Structures are given as C-alpha cells and as structure tokens.
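Please treat every number below as a calculation from the coordinates, not as lab data. Everything quoted here is computed from the prediction, not taken from an experiment. Neighbour counts are summed over all protein chains in view; Cβ atoms, including those assigned to glycine, are modelled from backbone coordinates with ideal geometry.
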Amino acid sequence: MDFQWIELVQSVAVVCGIATVLAIFMVIADATIGNYGKKKLIINNDKEFEVEAGHSVLTTLKEQGIFIPSACGGRGSCGLCKLQVDEGGGDYLPTELPWITEEEQKENIRLCCQLKMKNDLKVTIPEELFNIREYEVKVDKVIDLTHDIKGITFAFQGDDEMDFKAGQFVQLEVPEYDLCEETIYRAYSIASAPSDNKRFDLQIKYVSNGICTTYVHKHMEEGETITMNGPYGDFYLSDTDSELIFMAVGSGMAPIISILLDMAEKGIDRKATFLFGVRTMKDLFIVDELKELEKKLPNFKFVPTISRPDETKQWDGETGRLTEILPKYLKNPEKTEAYLCAGENVINSYKAKLMELGIPEDKIYFDSFG
C-alpha cells in the first residue's frame, strides 16, 4: 500500500514537472518566437505606419484609428472584415477560407481579424473607411421594448455628431466586466432616422451569456458613457422607383424602421410592404408607431406575423412563417426590390423563396446577423 502511494506521488510529480516545463516554454516562446518587433503597415500606397507586430491586422488598424467593419468583434465568425493585401500576407489560414471566394482569393482578399502582422504589410482599403470615427456617447435612455429586447438611445457629446444613411450600423465597445477580461465590440443596426445626427437608437435582443447583450441588459445604465465607432454598411435604400418588400424578424426590425422613418421624412412614397415576423404576441413591439407610418406613407403596409399563435389570446393578424405568407403580398416580383434582416439561415430561406417567386437575386439586399 505504501509502495502504491509512493508511485502515485511520483506520477503526480512527473506530470506537474512536465506541465511546468511546458508553461515555461510557452512563456519563452511568447516572449521570443511571438515577438515580431516593429513592422511597416502601408495603406493605399500613401499612408505608412510603424506598428507593433504580432496582433491581428484588424486590431492593428484600429490602433491607428482606422476602423474595419466586423459584426462579430474579430472572432472570425461574420466574414465582414475583408481587405486586399498587396504584399506580406503569406498563405491563407484555414479560418479565413470559409469566408473567401475563389474570385476573392485571386484578388488577395483577406479576413483581417485572422491575418496577423508578422511582416511588413501593404494593404488596400476603401477610402470611405477613413471617414469612420470613434466616439464617446452617453446612454441617454434605456427602455424595454419586449421581455428580451432593449431600446437604447445614445447621445453624442459636445460638438460631436455622426452623419449616417438609414440602414447602416455602428459598433459598440463593451468595457471589462465579469463576462470579459478585455474590451470587445459588437455591431448593431441603427433604428432611428438619420435626420438627427446628434443621437441614434439601437434595438438589442438579449442572448444568454452573450458578452455585449448581457452587458446591455443587465449592467448598462442611463447616464454612463460608452465608446462606439461607425457608421458602416451598404444596406440602404436604392434610388429607384421599384416596389419594396421588407422582411425582418425580432430585432432585425432596426434597419428597416430606420429606412421607413427616413422615407416618411423625405416623402418617398414608393409602394412598400413590411412583413415582420415574431414567435408570439409578447414578442411584438412598436406596432403603433408602424401603424402611424402607414398614415404618413399611403402606399406602405405593415404586416406583423406570429408563427406560434396562442389560442387563448385573440389575434386577427397573419400567422405562420414569412415565407408562407409572402406570395399573398408579393404582386409584382419583376418590379420589386427586397430588403431582408435576420439570421443567416433565415436570410437564405427568404432569398430562396423570393427568387422562386420571381425576384432577381441582384434585387435582393440583406443585412445578416448571427
């Protein structure tokens, strides 16, 4: 028995020794192998920075005040933060390839949250991204839109203001708290009209253990200051006379309501239908405001739809999935543009149905969230 005990102690000691050696090796590797020193970052052949290498290109650009859209905050799960690498990028990483098409590979398009600064790097990014700014904004108002969606109004301070297009999004930076040890950021569509460039609204749905949504729902308070940057995105209304079909679920309403408010203010009275889907009656919100928009836009119709009706409660509206009621409201597909906002899988089902009904793929615009 004593011999077995000694063997056990020796085994534990060996394992602990190996773990200690590995830990020391990782510290040394991080300080030496992973220490790339200073490198040059050249942007569009006319902006040159000397940067500390080793970080992702997304983070490195942000440190220089250049903001690339990234809905997932740099986790490699949204595919938005693409840029062209002209020199120094090396081979594609496995984490990039799911997001990069064969055509984009020919143009050396990379996912900059996954690509690290290890060498001198020359990149090309759209000039409009240099107009993206970082702001400190005050949380002006927080309200419950539903049991799991908060409506937040942010106000710019001092002389700050932000011009944006209806349908665009911003990125909120979440400070350190019990769910995250460093600041992170997430993307959210603006839910207010661009006519007021001193404030903007967001609609944020709670996701269990979601770092940003948990902070917003359980920690954010009116009066506090939050860092954000923006605006981003090209999900905005085309300048045509085509009829419009909007489709969204839950907090996907945000960019659609921004577009509709902008249309009402500018007197853009194109024939438009908004199919809005939720699970139950308790998930509906700002229905009265959208009904008011029907008065301001005579050719606009709002169609709230419940997929799981409660037989104990009275509901005389549409029921089922939006793809099921779509044929009833899509009358002239060849003359219609579609604007969609939902999760990726839902977007794909909407696109398939719209194309089946006759809307060309290049007339289907979408804002996908995950």
- Query: At Asp316 and Glu136, where each label point lies 7 Å from the Cα along Cα→Cβ, what is the point-to-point distance in nanometres?
  - Reply: 5.4 nm
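Pulled fully out, how much extra length does the chain show between Asp46 and Val207, if you take 0.36 nm times their separation in residues and subtract their Cα-Cα distance? List each step's numbers first, then the result.
Numbers: separation 161, 0.36 × 161 = 57.96 nm, distance 4.23 nm.
In short, 53.7 nm is gained.
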- Message: Let's test the formula: R0 of 25 Å, r as the Cβ-Cβ distance of Ser238 and Lys295. What FRET efficiency results, to the nearest 0.05?
- Response: 0.50
- Task: Give, rounded to the nearest 20 debye, the magnitude of the charge dipole that segment 133-232 has about its Cα centre when Lys and Arg contribute +1 at Cβ and Asp and Glu contribute -1 at Cβ.
- Result: 440 debye
- Local electrostatic count at Gln168 - Lys and Arg +1, Asp and Glu -1, tallied over other residues with Cβ under 12 Å: -4
- Quick one: grab Rg to one decimal and Dmax as a whole number for segment 243-369, Cα atoms only, in Å. 13.9, 43
- Using a 10 Å cut-off on Cβ atoms, rank the peptides 208-215, 242-249 from the highest mean neighbour count down. 242-249, 208-215
- With Cα atoms, 0 to 90° folded angle of helix 287-296 axis to the chain main axis: 50 degrees
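Lys and Arg at +1, Asp and Glu at -1: add these up for the other residues within a Cβ distance under 11 Å of Tyr236 and post the number.
So the surrounding residues net to -3.
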- With Cα atoms, 0 to 90° folded angle of helix 344-356 axis to the chain main axis: 40 degrees
- Query: Which shape class applies to segment 38-129: rounded if a/c is under 1.5, otherwise prolate when a/b exceeds b/c and oblate if not, where a ≥ b ≥ c are the square roots of the Cα gyration tensor eigenvalues?
  - Reply: rounded
- Would you calculate, for the chain, the mean residue ellipticity at 222 nm contributed by helices, counting each DSSP H stretch of 4 or more residues as -39,500 (n - 2.57) and dividing by all residues, to the nearest 500? -8000 deg cm²/dmol
- Query: Among the listed pairs Lys62/Lys198; Lys116/Lys205; Lys165/Lys363; Lys82/Lys291, which are separated by more than 29 Å between their Cα atoms?
  - Reply: Lys116/Lys205; Lys82/Lys291
- Query: All other residues with a Cβ under 15 Å from the Cβ of Leu261 taken together, and with Lys, Arg as +1 and Asp, Glu as -1, what is their net charge?
  - Reply: -2
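Taking only the alpha-carbon atoms of segment 172-261, what semi-axes of the equivalent ellipsoid follow from 5 times the gyration tensor eigenvalues under a square root, in whole Å, largest first?
In descending order the semi-axes read 29, 15, 11 Å.
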- Report the normalised scattering of the chain as log10 I(q)/I(0) at q = 0.08, 0.11 Å⁻¹, calculated by the Debye formula with identical scatterers on the alpha carbons. -0.51, -0.86
